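Enquirer: Quick one: this structure, given as structure tokens, is what I'll be asking you about.
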Amino acid sequence: MSENKRLNLTLHIWRQKNAADPGRLATYRVQGVSVHMSFLEMLDVLNEQLTAQGEEPVAFDHDCREGICGMCSLTVNGIPHGPQRGTTVCQLHMRHFADGQEITIEPWRAKAFPVVRDLVVDRSAFDRIIQAGGFVSVNTGGSPDGNALPVPKKDAEAAMDAAACIGCGACVAACKNASAMLFVAAKISHLAKLPQGQPERRERALAMVAAMDQEGFGFCSNQYECEAVCPKEISVRTIAVMNRDTLRAGLGGA
Amino acid sequence: MEARPIERTSSASLCRLLCSSIGSKALVALTGLALFGFVLGHLAGNLQIFAGQETFNAYAHWIKSKPALLWGTRLGLLAVLAVHLGVSVRLARRNRAARPVPYAFQNTVQATSASLTMVWSGLAILAFVIYHLLHFTVGAVSPAEFGRTDPLGRPDAYTMVVLGFRHPAIALIYAIGMFCLAMHLSHAIQSVFQTFGLNHPRCMPLVRRAGFAAGFLIAAAYVSIPAAVLAGIVTLPPGVSP
Ligand code: FES
């Protein structure tokens with residue numbers, strides 16, 4: 001691929017004025033997209049074009065553009081965050097696309113994530129689930145010594161793997177059932193693996209699962225599409241941890 | 001918004017658990033496991049047809065001579081099936097409702113076709129089971145082949161099965177039913193492990209492959225019976241005419 005290759009693309013983008021608008025796919029052409037651009041920069045180019053033509057630019061969520069904040073949320077040709085594994089769409093480069101390609105861009109699709117405008121969805125259901133998780137017990141007073149609480153390396157790593165979740169919601173968007181279980185499982189197993197998370201471990205699992213159920217997400221049927229699109233490659237093993245903790249807590253076990 | 005206070009677990013929590021997403025999944029897995037037990041037991045019984053008319057009829061007669069066991073099992077299975085079906089359908093409907101606006105561009109990364117068609121393979125198995133009961137338990141499919149007795153005066157289950165499977169169309173229906181069972185089991189077996197939280201990085205790839213293989217092996221073992229009849233390996237007892 002030549003260094004300065006440019007792409008001409010046909011984009012089918014979901015346009016929706018507000019939550020009440022039924023929305024539709026609109027087709028746009030963008031010319032001369034550099035392969036070094038990120039997917040969002042390509043959309044910036046389109047939006048400049050639209051603004052120059054006096055049209056409304058396409059609304060989409062973004063913030064850090066370096067794959068850590070979890071704001072960007074585009075479904076690219078049916079795959080949340082696009083075709084590159086382990087990558088947020090803000091970190092997806094146009095070199096993964098071919099000249100003349102047609103690309104369909106849709107918002108996350110879930111009842112629990114209503115569309116606010118165009119490609120922007122309301123993900124506050126995730127915040128409510130996190131709030132339902134409550135607190136962890138810590139002693140007040142001076143900050144403890146860094147190594148005062150030993151954590152086995154295996155557990156520390158499992159907890160860190162789960163803690164890598166940026167809460168973008170791609171798992172919900174990819175799941176054929178619009179289930180939020182990978183997200184909730186990441187949050188539950190992150191604390192379940194650490195000593196600090198033990199006192200409230202079972203109650204937290206029950207409360208977060210109950211909050212998840214209330215938000216109208218679907219239920220996992222073990223197809224593992226979530227794991228395939230997660231930009232942080234969180235494993236569905238976390239879901240097994242959540243299932244185990246919830247079943248044990250629900251059955252009254254310790 | 002205020003954080004919800006965390007509740008202590010109580011006896012009422014079991015009820016709540018069973019209605020929750022994870023509790024419902026566990027119910028489906030548990031009842032599925034019971035039905036899987038039946039699938040294995042039924043297969044063990046059926047394969048006795050290869051031992052000939054005497055063994056097979058004696059086995060069939062033995063089951064029929066224990067009405068308490070027979071009806072206990074039948075009613076138990078019916079209840080288990082009702083829960084399995086009822087909860088799965090409720091979950092499937094909820095899953096549909098969770099995505100009211102579908103994607104215009106549908107795509108899939110790693111979901112297996114078996115996992116995507118669990119509801120349909122399950123309903124197909126239900127239809128097959130009803131047909132199977134009408135065929136060999138009620139005798140409504142081909143009444144002329146039903147209700148014969150063997151030289152010892154027992155119901156001649158062996159002859160009934162052989163006569164039934166001599167029709168290629170009926171054998172085909174059984175093969176299709178068993179293909180649906182294979183698809184269903186190939187996703188179901190590994191799913192049970194995941195649902196009960198038994199996912200170990202070293203074991204899970206093996207469990208997935210073994211589950212897939214077991215589903216198709218079990219179905220193949222069932223299909224071996226009509227196949228053997230059509231191939232002339234399992235034949236009518238001497239002196240019996242169709
Ligand atoms: S914009 Fe922050 S992760 Fe993509």
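Enquirer: Could you tell me which of the residues B:HIS184, B:HIS135 is touching a Gly at 6+ places or on another chain (Cβ under 7 Å), crowded, with 20+ Cβ neighbours inside 10 Å and farther than 30 Å from A:ALA185 by Cα? Walk me through how you get there before you give the answer.
Expert: Working: B:HIS184 fails: farther than 30 Å from A:ALA185 by Cα.
Answer to the check: B:HIS135.
Enquirer: Then there's this: Looking only at the stretch A:65-118, which residues are in a strand (DSSP E or B) and away from every other protein chain (no Cβ under 13 Å)?
Expert: Let us first name the residues in the stretch A:65-118 that are in a strand (DSSP E or B), namely A:75-76, A:79-80, A:93, A:102-106, A:115-117.
A:HIS93, A:VAL116, A:ARG117, listed by residue number.
Enquirer: Something else about it: A:TRP14 fails exactly one of the following numbered conditions: (1) of a type in the set (Phe, Trp, Tyr); (2) in a loop (DSSP other than H, G, I, E, B); (3) away from the ligand (no atom under 13 Å from the Cβ). What is the number of that condition?
Expert: Single failed check for A:TRP14: (2).
Enquirer: Out of A:GLN91, A:GLN101, which single residue is modelled with pLDDT of 95 or more, touching a strand residue (DSSP E or B) at 6+ places or on another chain (Cβ under 7 Å) and over 15 Å from A:HIS62 (Cα atoms)? Steps first, please.
Expert: Working: A:GLN91 fails: over 15 Å from A:HIS62 (Cα atoms).
So the residue among A:GLN91, A:GLN101 that is modelled with pLDDT of 95 or more, touching a strand residue (DSSP E or B) at 6+ places or on another chain (Cβ under 7 Å) and over 15 Å from A:HIS62 (Cα atoms) is A:GLN101.
Enquirer: When the stretch A:80-105 is examined, which residues are found to be within 11 Å of the ligand (Cβ to nearest atom) and surrounded by 21 or more Cβ atoms within 10 Å (Cβ to Cβ)? Working first, answer last.
Expert: Within the stretch A:80-105, the first condition is being within 11 Å of the ligand (Cβ to nearest atom), and the residues that meet it are A:81, A:87-92.
Selection gives A:HIS81, A:THR88, A:VAL89, A:CYS90, A:LEU92.
Enquirer: If you don't mind, there's one more thing I want to ask. Hey, can you tell me all the residues within the stretch A:203-233 that are outside any helix (DSSP H, G or I), among the charged types (D, E, K, R) and more than 21 Å from A:THR88 (Cβ to Cβ)?
Expert: Just the residues of the stretch A:203-233 that are outside any helix (DSSP H, G or I), to begin with: A:215-224, A:230-233.
Adding the requirement that they be among the charged types (D, E, K, R) leaves A:215, A:232-233.
Scanning the stretch A:203-233 gives a single hit, A:GLU215.
Enquirer: Take the residues in the stretch B:87-128 that are in contact (Cβ under 8 Å) with a residue 24 or more places away in the chain and within 7 Å of another protein chain (Cβ to nearest Cβ), then tell me which one is farthest from A:ALA173 (Cα to Cα).
Expert: B:MET118
Enquirer: Right, here's the next one. All but one of (1) closer than 28 Å to B:VAL101 by Cα; (2) in a loop (DSSP other than H, G, I, E, B); (3) away from the ligand (no atom under 16 Å from the Cβ) hold for A:ASP127, so report the exception by its number.
Expert: With (1) closer than 28 Å to B:VAL101 by Cα; (2) in a loop (DSSP other than H, G, I, E, B); (3) away from the ligand (no atom under 16 Å from the Cβ) applied to A:ASP127, the lone miss is (2).
For every residue, the table says whether it meets (1) surrounded by fewer than 20 Cβ atoms within 10 Å (Cβ to Cβ); (2) within 7 Å of chain B (Cβ to nearest Cβ); (3) more than 21 Å from B:LEU14 (Cβ to Cβ).
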| site | (1), (2), (3) |
| --- | --- |
| A:LYS187 | no, no, yes |
| A:PRO199 | yes, no, yes |
| A:ALA207 | no, yes, no |
| A:PRO231 | no, no, yes |
| A:THR238 | no, no, yes |
| A:ARG248 | yes, no, no |
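Enquirer: When the stretch B:192-238 is examined, which residues are found to be closer than 27 Å to B:HIS132 by Cα and of a type in the set (Gly, Ala, Ser)? Talk me through it step by step, then tell me what you get.
Expert: Just the residues of the stretch B:192-238 that are closer than 27 Å to B:HIS132 by Cα, to begin with: B:192, B:211-238.
B:GLY211, B:ALA213, B:ALA214, B:GLY215, B:ALA219, B:ALA220, B:ALA221, B:SER224, B:ALA227, B:ALA228, B:ALA231, B:GLY232 - these are the residues of the stretch B:192-238 that are closer than 27 Å to B:HIS132 by Cα and of a type in the set (Gly, Ala, Ser).
Enquirer: Residues being more than 8 Å from the ligand (Cβ to nearest atom) and either surrounded by fewer than 16 Cβ atoms within 10 Å (Cβ to Cβ) or assigned by TED's automatic domain parsing to the domain that holds A:CYS165 (or both): count how many of those fall in the stretch A:60-73.
Expert: Total meeting the criteria: 0.
The values are calculated or read from the model by the stated rules, or taken from the named source; none is laboratory data. Just so you know, these numbers come straight off a predicted model, no measurement behind them. Cβ coordinates were reconstructed from backbone atoms using ideal geometry, including for glycine residues, and neighbour counts include every protein chain displayed.
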